[in-house]
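Encoded as structure tokens, the structure appears first; notes follow it.
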Amino acid sequence: MKRLFETDAGYFTPDGKEYVVTTPRTPRPWSNVVSNGDTGFIVSQTGGGYSWRTNAQVNRITRWDQDIVKDEWGKFLYVQDRDSGDVWSAAWKPVCVEPDFYEVRYGAGVVTFRSRNFGIDSAWTMFVPVDDPVEVWRLTLHNRTRKRRRLRLMTYFEWGLGAAPDWHREFHKCFVETSYDRSSHAIVATKRLWEVPSDRGHWNSSWPYVAFHSCSVKPASYDASKENVLGPYGSFRQPRGLSLKRLPGSTGNLWDPVASLMVDVVLKPGEDRVVTFTLGVVESRDEIKKLTTTYHALPKVDAALDRVRKRWDDLLGAAPVETPDASMDVLLNRWLPYQAIAGRLWGRTGYYQAGGAFGYRDQLQDSQIFLPIDPSMTRKQILLHARHQFKDGTVYHWWHPLSEVGLPTTMTDDLLWLPYLVDAYLQETGDDSILSAKEPFIDDPAGGTIYDHAVLAIERVLARFSPRGLPLIGTGDWNDGINAAGIKWKGESVWLGQFLYGILRSFAAVVAQRGDSARHAAFAQRAEALRSALNQHGWDGDWYIYGTTDEGQKIGSRESTAGRIHLNPQTWSVLADVASPERARAVMDKALEMLEYKAGPLLLYPAYSVPDEKIGYLTRYAPGTRENGAVYTHAATWAVIAAAKLGRPEDAYRLFRKLSPIVRGRRPKAYGAEPYVTAGNIDGPDSPFYGRGGWTWYSGSAAWLWKAGYEWILGVRASRQGLVVEPCIPHQWKRFAVTRVFRGATYRITVLNPRGASRGIQSVQIDGVQMASFVPRSAVVLPVQSAGSTHSITITMGGQKRA
């Protein structure tokens, strides 16, 4: 079997659908996030991780401690030879025996640990069925030896049952009660306290769920006490329970609550045996029997796993590409959309940021990934966020599902992502009905239409301007770390002005369509005044400043000692058409000259080495890390798009590859992070760990890097008029192919490049017929076709070879 992009730590399978980790000792924990949209888990290559339902922060099911060095908290499955006494685990942790063979196969919605220890092969597959709130473990054991083997299995994890981190354990254990359901072979856990607000006071409601852990065969014994299973002063590595003939069977309350099932297995030489376990969270005890009956039956387990795989194949296979760059194919076809959906939209959690909330700006941007896959999911996200807006147009910065606790914000960009996404949805679907859909406000149940919600957001920002005609930065715009610059509502944001200008121009078509002529005229007038102010007060001679503080101090200026140039106002001057064509080219030149390094374009340079309390906590990060002089991947993707928009294929493709986790991951020890998902940041030149990736999975960069590659390098993107194709590719590419569903029709697009061009289209054929009246140019807009139809498009490039 061909192995793609193999290193000493792992490889991709030939179809790119799985990443196979070949050692438990990766430089940092390499994880997979698995979710069905409600229930989920995250697991590392060692077996560390945790489980949740709906919200990984306020409804964590199993305990976990964030320690990426030791990575020793998880859900464990011990294996013991009852004759020799040898003990190992189905994953590497917690026993850490050196296996004869070890690999972890990460796929969409499924994880499998495969190992060989003491003559026993094991394959531990974990997944969450499509529709049920349960985690299924399918353990296969195979006896490779010539003698009968008597084995003992013991599961172990600690109940969390509520908010995480569970830092006051002696308090919380007082409210947990465990029991054993013999008919379901299940340990059951409830909790009489949930740490969310209620109408009867703080911490005065019960956890509204029932958790269970069961086995497909009758356990030989069980226990729900940490003290009994680990032993006083015991350890995960050597649990006391395995030295006992049977676990004591303790349940009830006032124990430190855990779940541990012990199962005896006998294997003849060459024999296989499959045992299944479940970990579920339901609303009532009545559901336990139904779920355990289903997932104790191996045929139903295998059918459920097949359904999970099909679901992900359908989602991730909706817009396939085939290019000369296999790493780009793997990212665009599989791992970037998977990261955006499973990690950001459904799980909203990761090893580096174990959250669970919705970020107002975050998940709106992430939901762009659904536009070419299933636009109804983007619509659903828009409606959800509209419900978390106040009637004055402001919004929660974040809120927690289940508790609905949110943070009202004076950050100034959050609210604008709503009209941005509404406009993107309309360009993709042409579905104007969304504008008339009604949703409540947080403080007004009567609510308004989505059009009302969108224009309120825009008008709220327009009401917060400086005397110079620039928007106020408040306690941060997109960059949370610039949280002190505008506390007094005097500091300005040039980047926010550019973003707003782009929205005013693009949303103008929506306003006009609604017949809202007065508002259309007002928005147009404000847009032109804003563009003038940005170019007058935001221009610093060679680049745009980021903004100003309450005291009038420039941020990102030639006058600055640190943070002299920031990336975002340069890229968005291009993306929003704030800069003239000549200035846009000059700005991009300067941005690449001053900010591009080996791992991509830095967010700012040079890094702050001394905290500046007038700017914010960004300046307090260690130099070269996170937003302080590192590659902040989310923002760096905008540089790829800006380069492509300017018609610079070599720049765009080079930057894309610098951000590619597959390319960066070719040197695992230097990069450190997973090679199959984007990192939130890559350390910059001022860091002693220059080039090291971090904060993977929970990063808004996944959907944006997909857009950069698919919509701007390959150039296939939606517009109101039709499907745009504007290739901006390396001149060495001879062809590429894309299949794209647009407004219900399927477009099978083949782009040929016989002359080694980078841009420019010479001819277009639709179903074998030359497109009428087409004149060679950089882009073509393919007409909207009838829903359900399929069309073959052949585009031949020619003309410009280099930007």
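The values are calculated or read from the model by the stated rules, or taken from the named source; none is laboratory data. Everything numeric here is computed off the predicted structure, so don't read it as measured data. With ideal geometry, Cβ positions are generated from the backbone for all residues, glycine too; neighbour counts draw on all protein chains shown. Just the protein is used for accessible areas: all its heavy atoms, side chains included, with ligands, DNA and RNA removed. Shrake-Rupley method; radii C 1.70, N 1.55, O 1.52, S 1.80 Å.
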For segment 541-555, give me each residue that is assigned to a loop (DSSP other than H, G, I, E, B) and open to solvent by less than 10 Å² (accessible area, probe 1.4 Å).
Ile545, Tyr546, Thr549
Considering only residues that are crowded, with 22+ Cβ neighbours inside 10 Å and of a type in the set (Gly, Ala, Ser), which ones fall in segment 71-86?
Gly74
Taking the criterion of being crowded, with 22+ Cβ neighbours inside 10 Å and at pLDDT 95 or above, would at least one residue in segment 768-777 satisfy it?
no
Among the residues of segment 434-455, is there at least one that is over 28 Å from Ala703 (Cβ atoms) and hydroxyl-bearing (Ser, Thr, Tyr)?
no
Within segment 743-752, identify whether any single residue is in contact with a Gly (Cβ under 9 Å, 6 or more places away or on another chain), open to solvent by 20 Å² or more (accessible area, probe 1.4 Å), closer than 18 Å to Gln721 by Cα and assigned to a strand (DSSP E or B), and answer yes or no.
yes
Within segment 135-143, is even one residue touching a helix residue (DSSP H, G or I) at 6+ places or on another chain (Cβ under 8 Å) and surrounded by fewer than 21 Cβ atoms within 10 Å (Cβ to Cβ)?
no
Taking Val176 as meeting all but one of (1) surrounded by 17 or more Cβ atoms within 10 Å (Cβ to Cβ); (2) farther than 18 Å from Trp73 by Cα; (3) modelled with pLDDT under 95, write down the number of the exception.
(3)
Qualifying positions in segment 184-195 - in a loop (DSSP other than H, G, I, E, B) and within 23 Å of Glu135 (Cβ to Cβ):
His185, Trp194, Glu195
Which ones in segment 154-168 are within 15 Å of Trp203 (Cα to Cα), out of contact with any Gly (no Cβ under 6 Å at 6 or more places or on another chain) and touching a residue at least 60 places away in the same chain (Cβ under 8 Å)?
Leu161, Gly162, Ala163, Ala164
Quick check: is even one residue across segment 708-721 surrounded by fewer than 17 Cβ atoms within 10 Å (Cβ to Cβ), closer than 29 Å to Tyr360 by Cβ and in contact with a helix residue (DSSP H, G or I) (Cβ under 6 Å, 6 or more places away or on another chain)?
yes
With the structure loaded, tell me whether Gly552 is out of contact with any Ser or Thr (no Cβ under 7 Å at 6 or more places or on another chain), within 14 Å of Ser466 (Cα to Cα) and not hydroxyl-bearing (Ser, Thr, Tyr) or whether it fails that test.
yes
Selected residue [in contact with a strand residue (DSSP E or B) (Cβ under 9 Å, 6 or more places away or on another chain), open to solvent by 10 Å² or more (accessible area, probe 1.4 Å), of a type outside the set (Lys, Arg) and part of a helix (DSSP H, G or I)] from Trp312, Trp346:
Trp346
Hey, can you tell me all the residues within segment 598-621 that are more than 25 Å from the chain's Cα centre (by Cα) and either small (Gly, Ala, Ser) or open to solvent by 10 Å² or more (accessible area, probe 1.4 Å) (or both)?
Tyr605, Pro606, Ala607, Tyr608, Ser609, Val610, Pro611, Asp612, Glu613, Lys614, Gly616, Arg620
Restricting segment 481-502 to residues that are assigned to a loop (DSSP other than H, G, I, E, B) and of a type in the set (Val, Ile, Thr), the residue that is nearest to Asp413 (Cα to Cα)
Ile482
State the number of residues belonging to segment 251-280 that are crowded, with 17+ Cβ neighbours inside 10 Å and either of a type in the set (Phe, Trp, Tyr) or outside any strand (DSSP E or B) (or both).
4
Any idea which of Ala652, Ala702, Ala679 is open to solvent by less than 40 Å² (accessible area, probe 1.4 Å), within 30 Å of Glu582 (Cα to Cα) and touching a residue at least 40 places away in the same chain (Cβ under 8 Å)?
Ala652
Do we find a residue being in contact with a Pro (Cβ under 7 Å, 6 or more places away or on another chain), farther than 28 Å from Asp431 by Cβ and not hydroxyl-bearing (Ser, Thr, Tyr) anywhere in segment 458-467?
yes
Taking the conditions exactly as written (in contact with a strand residue (DSSP E or B) (Cβ under 7 Å, 6 or more places away or on another chain), surrounded by 20 or more Cβ atoms within 10 Å (Cβ to Cβ), among the small types (Gly, Ala, Ser) and assigned to a loop (DSSP other than H, G, I, E, B)), does Ala164 satisfy them or not?
yes
Those residues that are surrounded by fewer than 22 Cβ atoms within 10 Å (Cβ to Cβ), touching a residue at least 40 places away in the same chain (Cβ under 8 Å) and not hydrophobic (A, V, I, L, M, F, W, C), I need them from segment 467-484; list them, please.
Arg468, Gly469, Thr475, Asp480, Gly481, Asn483
Which residues, counting only those in segment 51-70, are part of a loop (DSSP other than H, G, I, E, B) and open to solvent by 10 Å² or more (accessible area, probe 1.4 Å)?
Thr54, Gln57, Val58, Arg63, Trp64, Asp65, Gln66, Asp67, Ile68, Val69, Lys70
Residues that are under 18 Å from Asp264 (Cα atoms), in contact with a helix residue (DSSP H, G or I) (Cβ under 9 Å, 6 or more places away or on another chain) and surrounded by fewer than 16 Cβ atoms within 10 Å (Cβ to Cβ): does segment 207-224 have at least one?
yes
